[in-house]
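Quick one: structure below, then a few questions.
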Amino acid sequence: MIAAGFAVPASAAQLEIKVENLTQGVYFTPLIIAAHPGDVYMYETGMAASAALQAIAEGGDISAMATALDGMPVVSNPAGGLLAPGASIEGVMLDSGDMAYLSLTAMLLPTNDGFVGLDRWMIPSEAGTYTVYLKGYDAGTEANDELVVDGSDMPGVPGIPAAPGGDAGMNGSGVTATQPNSTVHIHPGVLGDTDAEGGVSDLDSRVHRWLNPVAKLTVTVQ
């Protein structure tokens, strides 16, 4: 977690949260949702990813982020595992206390280091229902080779840990071995191909390709 250098006070609010996966063939790994002050963030575009964010973006591991957010209102893994394409989780309750901001992250699977993110959304002071569309981001920590590799859920190990839908190919040669942008940035999406036995990618372009936004967040401030 990194200080952003400012904080905005907020009155206590009970939040009811719904997250919808808008993609056709991409899963969200366990979500972590937190209310926090303005001098804390899970990620920031244009900045290098923290080790906690890298663990999420490359392997879906939210434990380090949860530790970094200790003492703040946090909901970890409200879906009880993966959130499938087209599925939603709703009725997630979070008491924001005196925290002014809301953030969210989860890995996009199958990707190398992609994640869905909400960065320091200011919690409205007035009761009501608010909708935010969320983008997919690239952590900038791993080349997007688009190869499914067992054991690659560990940070620093190249490859995609799994394709949960069981619809990936094999024996791809790799889309790229370099990562020119090493900061958090908007994800370029996946290339994929239609060759299940080879080609450049293990991902299926007919299933796994996606465009932003990737999620719809609905927050009811009570």
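Need one number: % antiparallel among DSSP beta bridges in the chain, to the nearest 5.
DSSP beta bridges in the chain are roughly 95 percent antiparallel.
What spacing in nm lies between the two simple spin-label points modelled at Thr67 and Ser88, each 7 Å away from Cα in the Cβ direction?
3.6 nm
Please report, largest first and rounded to whole Å, the three semi-axes of the ellipsoid equivalent to the stretch 86-215, where each semi-axis is the square root of five times an eigenvalue of the C-alpha gyration tensor.
Semi-axes (√(5λ), whole Å): 32, 16, 12.
Then there is this: Using a Gaussian network model of the chain whose springs link C-alpha atoms within less than 10 Å, name the residue from Glu90, Glu146, Glu44 with the highest mean-square fluctuation.
For the chain, modelled as a Gaussian network with Cα springs under 10 Å, the answer is Glu90.
Could I ask something else about it? Quick one: what are the phi-derived ³J(HN,Hα) couplings along the stretch 207-222, Karplus 6.51/-1.76/1.60 with θ = phi - 60°, whole Hz, x for glycine and proline?
My calculation for the stretch 207-222 gives 10, 9, 5, 8, 10, 6, x, 10, 8, 10, 10, 10, 10, 9, 8, 9 Hz in order.
So, in nm, how far is label Arg209 from label Ser173 when the simple model puts each one 7 Å beyond its Cα toward the Cβ?
Reported label-point gap for Arg209 and Ser173 is 2.0 nm.
Hey, another quick one. Identify which of the listed values of log10 I(q)/I(0) by the Debye sum over Cα atoms at q = 0.15, 0.17 Å⁻¹ was calculated from the structure shown: [x] -1.03, -1.24; [y] -1.06, -1.39; [z] -0.90, -1.13.
Of the listed options [x] -1.03, -1.24; [y] -1.06, -1.39; [z] -0.90, -1.13, [z] comes from this structure.
In addition: Full-extension gain between Thr183 and Asp95, please, as 0.36 nm times their residue separation minus the C-alpha to C-alpha distance.
Net length gain for the segment: 28.5 nm.
Measure off, as a whole percent, the carbon and sulfur share of the 1.4 Å-probe accessible area of the chain, all protein chains present.
Carbon and sulfur atoms account for 53 percent of the accessible area of the chain.
Jot down the per residue volume, in cubic angstrom and as a whole number, of the convex hull over the alpha-carbon atoms of the stretch 47-130.
Per residue, the Cα convex hull of the stretch 47-130 comes to 121 Å³.
Could you tell me the distance between the Cα centroids of the stretch 100-121 and the stretch 132-198, to the nearest Å?
16 Å
Taking only protein heavy atoms into account and a 1.4 Å probe, give the accessible area per residue of the chain in Å².
On a per-residue basis, 41 Å².
The values are calculated or read from the model by the stated rules, or taken from the named source; none is laboratory data. Note that the structure is predicted; figures quoted are calculated from it, not measured. Because the Cβ atoms are built from the backbone with ideal geometry, glycine has one as well, and the counts that use them run over all protein chains shown. When the accessible area is computed, the model is the full protein with side chains, heavy atoms only, and any ligands, DNA or RNA have been set aside. Shrake-Rupley method; radii C 1.70, N 1.55, O 1.52, S 1.80 Å.
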